[in-house]
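In what follows, a single structure is set out as structure tokens and then discussed.
What follows draws every value from the coordinates through simple rules; no lab data is involved. Everything quoted here is computed from the prediction, not taken from an experiment. Quick reminder, even Gly has a Cβ in these numbers, built from the backbone with ideal geometry, and neighbours come from all protein chains shown.
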């Protein structure tokens, strides 16, 4: 058993990551609908479970039992392959994301359990190579549907993703120059925040050179790369019905949306790693009281959930919410009582908090900005982001060379 321990452990980690990511994707739909609803003075999902928390489960069941209609004249192989390709590539990109520096405090048949599936020395290149293939899923969906609207959506998406891929890649070259590595863990370690806190992150660049411009170019290009508003031209419903997935229904339709939300998570993880210090705390290491922030936030949030549940309008909510709040508050209290566990969760807590912040920005942008025209979309990519990111690379390279001189 011990000789197969590594492979068994890898399969277990893949299964756990898939469950967590697919659950996160489901609740991202709920989160997006709730946030946009509050921005528009609405309630959002509210009927299925307390505060609509069971709405993702209802949506999933609906997709499973809907009729799987397929138009005549489609290229069946490409038509079925497209959603699987889009989903598989988006999920695969998360395999190289490191979620924390320390392994779990126990081993599996002599193998330490790191908080990643794979940690290659060229992790950034692997990630970009996988995401670059994502255009094939959308292009195949548009071409194979044998319909003009999906075809136009697929063509738009191909042009858009190729255009913004250049700016996306150039915007991170400055980070690679400063870290002198393509390894994602090395890039995080280079942003040491133990002395200066968040000033050590690449965004502020007290150790090297600020990458504010690189981050802005990266995030704008990444939003366009994931086909999210205001860059959602491939599925512009006012022009193309639903774009490249017009002819898809049932769970194949859902797979495109799971791929989109998984892409959002990947981009949020990359933004966190490259520019926001990864798992590093925004506070200096000497501020030891900040180590209790995770447990304090859990306790306060748990108490708020209990209070909200007591006055909730349905009996089900008055039972479930106080129970959930009690569990959250108990976990926060346990972290205070067990300092070792509290210390271990610091890195994953800060990493996931930053990822959640970027996911909120995604939703915020969708609820705020109108969709761009296609000529504006191309002008931003080719005439603004690409030249600015190249200038940022030149300046960063010059600063790195000057600082390297004895």
Next item on the list: Subtracting the Cα-Cα distance from 0.36 nm times the residue separation, let me have the gained length for residue 12 to residue 76 in nm, one decimal.
Entry: 19.7 nm
Checklist line | Quotient of Cα Rg and 2.2 N^0.38 Å for region 126-179, N being how many residues it contains | finding: 1.42
Margin query: What whole-number distance in Å separates the alpha-carbon centres of region 16-57 and region 128-183?
Written below: 27
Item checked: Burial ordering of 286, 353, 193, fewest other beta-carbon atoms within 10 Å first -> 286, 353, 193
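Calculate the all-directions average of the projected area of the chain's alpha-carbon convex hull, and give it in nm².
For the chain, the mean projected area of the Cα convex hull comes to 23.2 nm².
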Margin query: Based only on other Cβ atoms within 10 Å, what is the fewest-to-most ordering of 59, 232, 75?
Written below: 75, 59, 232
Next item on the list: Report, in deg cm²/dmol and to the nearest 500, the calculated mean residue ellipticity at 222 nm for the chain, where each DSSP H run with n ≥ 4 adds -39500 (n - 2.57) and the sum is divided by the residue count.
Entry: -21000 deg cm²/dmol
Note to self: Only counting other Cβ atoms within 10 Å, I'd like 186, 343, 288 sorted with the fewest neighbours first.
What the structure shows: 288, 343, 186
